[in-house]
């Protein structure tokens, strides 16, 4: 039996990770592939039977997995972000979320025949959209920034807000319906343990009492300890504890949580992958179909509540009816709803709540319907409403070093949107001081998949000092932007690489600038006073005329034609082709000493 359980766990892991990879390749929300594979492995083929095969371990494993997901979600809620992305976003994730909850709860109670308790719990679960379903949709929609930014930040911020709301409603159902004292005590224990856990962990991290290589695993152990300890003191208070702990820790000053968050995101991907295969295997498609007209009414309630909330949240703003209509249509439900509903259904069914067993079927119906329906129609709706962005002409630059900053600043001055990404805080700070838009983090990380906003950006310039990092970034984003829209700057290390270390042809990408131009050469010229300038060229005033008039050396980098189209000047597009329009070039005095090639 133990050996069979080993095979089952291995199969669940492989299926979960495979579903994540498939979703990445298809650019679709991962939740669909996870649920489909889980249903196929479970009810369809009967190979995975979680209740029978995991037995008494099922509930503790699911509880622990959901707890870690809620903790990681709580850490992403930064209080400054609630006020930093416009009044519409603030309204949608605060009183707008409460309004949405009440509208859906009352609709399910009065129209679909839910009991009041299950109606309010179900509504709390499906308030959440979430970045894992919104981000792939935004990349497909390609809506204008004023709409896509609202949807993106709503998905990020409402994740922990909705989870906290659902946990509080669940807490009331398992303790407060019989005794307010029990409910108040459970809430008190959850809040106190959450604050205590965050404060003590933050205290330890601030004083560097834990070595760097143990920070992540100590945090993980701390979360599990607080979850179990809180549950021991007050039954079912653990989920509230870890949610509050994540929110509080993520907003503590002088506590470096970026590495913890990165680790937790990777761990969450693994947990979610395995969790959803198991949960999907417990969902019988016939149960979803059995919801019948009641399911149709529930779906209609969820869809119709959204426009009311959006219109109310944008009152007094400058949003047109077209923008409000698109915001109203795009709100797919995601991973938090599915994971938490399955856990709550298990617990409430044991407590004897009528309708608890149907909670999962209705939740999964809403998830599948909204994700599939809106994935198929969002792009068409965006175009029909006239909100599709123009061809993206901005660029993401990997690296925030002096070369990247100089090039980025010059392109920004010409009206292009430029965003610099780097893992060095010092470099990012220098870029921000220069007025450049930045992303502090690794652009190929899972964190970037959630938080790196790319509206209006359609090119990648990999300009870091690390050749391998440049290559990895190009490999990731050529599926996003296209193989001819990602470029890498040479390094001296590239030129010195032996045949055994050279990249295979399928990993090579177009180069930035001419064959003799490397990062080191550009950095040396800039350090000696060279500047990146934009020169207006005509048929009468070409590059040679500029050199002669200004007694300057000139190294062409980009050309910009009369229509504002940018072209990288490299072996495929020779500098001599830039005879008119604007030329972005590195310029330095002609009497300067030549740069020695390394």
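Nothing in this text is a laboratory measurement; each read-out follows from the coordinates by a stated rule. From a predicted model like this one, the values you see are computed outputs, not experimental measurements. All Cβ positions, glycine included, derive from the backbone under ideal geometry; neighbour counts span all protein chains shown.
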**Study point:** Tensor-based shape of the range 97-254 (alpha-carbon gyration tensor, a/c under 1.5 rounded, otherwise prolate or oblate)
**Key:** oblate
Exercise for review: Consider all pairwise Cα distances in the range 2-384 and report the whole-number % of them above 36 Å.
Suggested key: 19 percent
Exercise for review: At 0.36 nm per residue, minus the direct Cα-Cα distance, what do residue 6 and residue 571 gain on full extension? Give it in nm, one decimal, please.
Suggested key: 197.9 nm
Review point. So how do 48-61, 161-174, 396-409, 184-197 stack up, highest first, on mean other-Cβ count within 10 Å?
Key: 396-409, 161-174, 184-197, 48-61
Check your understanding: Distance in nm between label sites at residue 414 and residue 391, each 7 Å beyond Cα in the beta-carbon direction?
Key -> 1.5 nm
Review point. Ranked from highest to lowest mean number of other Cβ atoms within 10 Å per residue, what is the order of the peptides 451-463, 208-220?
Key: 451-463, 208-220
Point to revise | Potential lengthening between residue 357 and residue 200 on full extension [0.36 nm per residue; Cα-Cα distance subtracted] | key: 52.6 nm
Check your understanding: Between residue 376 and residue 251, 0.36 nm times their residue separation minus their Cα-Cα distance comes to what?
Key -> 41.3 nm
Review point. Separation between the residue 110 and residue 563 pseudo-spin-labels, each 7 Å from Cα along Cα→Cβ, expressed in nm?
Key: 5.5 nm
